[in-house]
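Here's the structure, in structure tokens; my notes come after.
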Amino acid sequence: MNRRGDPNPFDQEEEVNPFANSAAPASKSRLASLVPEALGFGRKHDANVDIPLDAMNDSKDKERELASWEADLKRREQDIKRREDAVTRAGVPSDDRNWPPFFPVIHHDIANEIPIHAQRLQYLAFASWLGIVFCLAFNVIAVTVCWIRGGGVKIFFLAIIYALLGCPLSYVLWYRPLYRAMRTDSALKFSWFFLFYLMHIGFCIVAAIAPPIVFQGKSFTGILSAISVFSDHVLPGIFYLVGFVFFCLETLLSFWVLQKVYMYFRGNK
């Protein structure tokens, strides 16, 4: 079945004489019309594939955007690393909390931040700070025993206040300034330490004596409180005597630290 409008090459009505000159153009035109129809599917002139240019442009834009983000991230990483290297070369330590090990609340690293010739003295001062912390904690225990034996609840609350205020204040007011003074060799930090460490020694002396000026002085485990409590109850009196010994040892250690730090400060001037 022929398609509409297609010429029939087998039509007998029209004869083609190959020897006639006038028939040559007609035969050429008929062959020219048949050539495009003979090119079936799969030929390069048969069909055109349309690729949307917008999709190609969008993909290229996304690639350029990702490349710019990657370059920006690399640049920032290099900047951070360069700053960290500069801080490390400058010897500025990071103040990460690392003490006490089971629950870090402060930064404390004598071995890496304090000069070698001052590390022993810094450890001695650290022992003095731990000593006052221990004395105040034992003072709470001894006063609690006295309270249970009928000593009154007021001395218990006073002992709690001494412990809650004494431990952090002693660290902030005199131990931390000494730590920084050893690191930076600052005369101002040393002066701050001497001022408040003298107050610390005075506090230890008062606690060791425990004069009857506040609630008969029983809120401190001093010698006068120990004598008064021992006459009423033996067990609280023993605790008070032990607390008195601890405050005396802390006072002697504090005088020794003060002398050593003063000699170190005078030697560096």
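The values are calculated or read from the model by the stated rules, or taken from the named source; none is laboratory data. Since the model is a prediction, treat every value here as computed from it, not as a measurement. Here Cβ is always computed from backbone atoms with ideal geometry, including for glycine, and neighbour counts include all displayed protein chains. Accessible surface areas use protein heavy atoms only, side chains included; no ligands, DNA or RNA. Shrake-Rupley method; radii C 1.70, N 1.55, O 1.52, S 1.80 Å.
Quick notes
- At an R0 of 51 angstrom, the distance between the Cβ atoms of Ser191 and Ala71 translates into a FRET efficiency of 0.45.
- The accessible surface of segment 171-223, taken with every protein chain in place and a 1.4 Å probe, is 74 percent carbon and sulfur.
- Exposure ranking of Leu195, Leu235 by accessible area [1.4 Å probe, largest first]: Leu195, Leu235
- Distance between modelled label sites at Lys260 and Val153, nm, 7 Å Cα→Cβ extension: 4.4 nm
- Available extension along the chain between His107 and Ile161 is 17.0 nm, counting 0.36 nm per residue and deducting the alpha carbon span.
- For Ile106, residues with placed amide H under 5 Å, excluding near neighbours: Asn98, Trp99
- Whole-Hz ³J(HN,Hα) from phi, Karplus 6.51 cos²θ - 1.76 cosθ + 1.60, for segment 240-254, glycine and proline x: 5, 5, 5, x, 4, 5, 5, 5, 5, 5, 5, 5, 5, 4, 5
- Segment 107-191, accessible area per residue, ligands and nucleic acids excluded (1.4 Å, Å²): 48 Å²
- Rounded FRET efficiency, nearest 0.05, which uses the C-beta distance separating Leu252 from Ile227 and R0 of 22 Å: 0.55
- Residue order for Phe255, Phe102, Phe246 - accessible surface, 1.4 angstrom probe, largest first: Phe102, Phe255, Phe246
- Taking Lys and Arg as +1 and Asp and Glu as -1, the other residues whose beta-carbon sits under 14 Å from that of Phe156 total +3.
- Compared with the alpha-carbon gap, the fully stretched path from Val234 to Ala137 is longer by 32.8 nm at 0.36 nm per residue.
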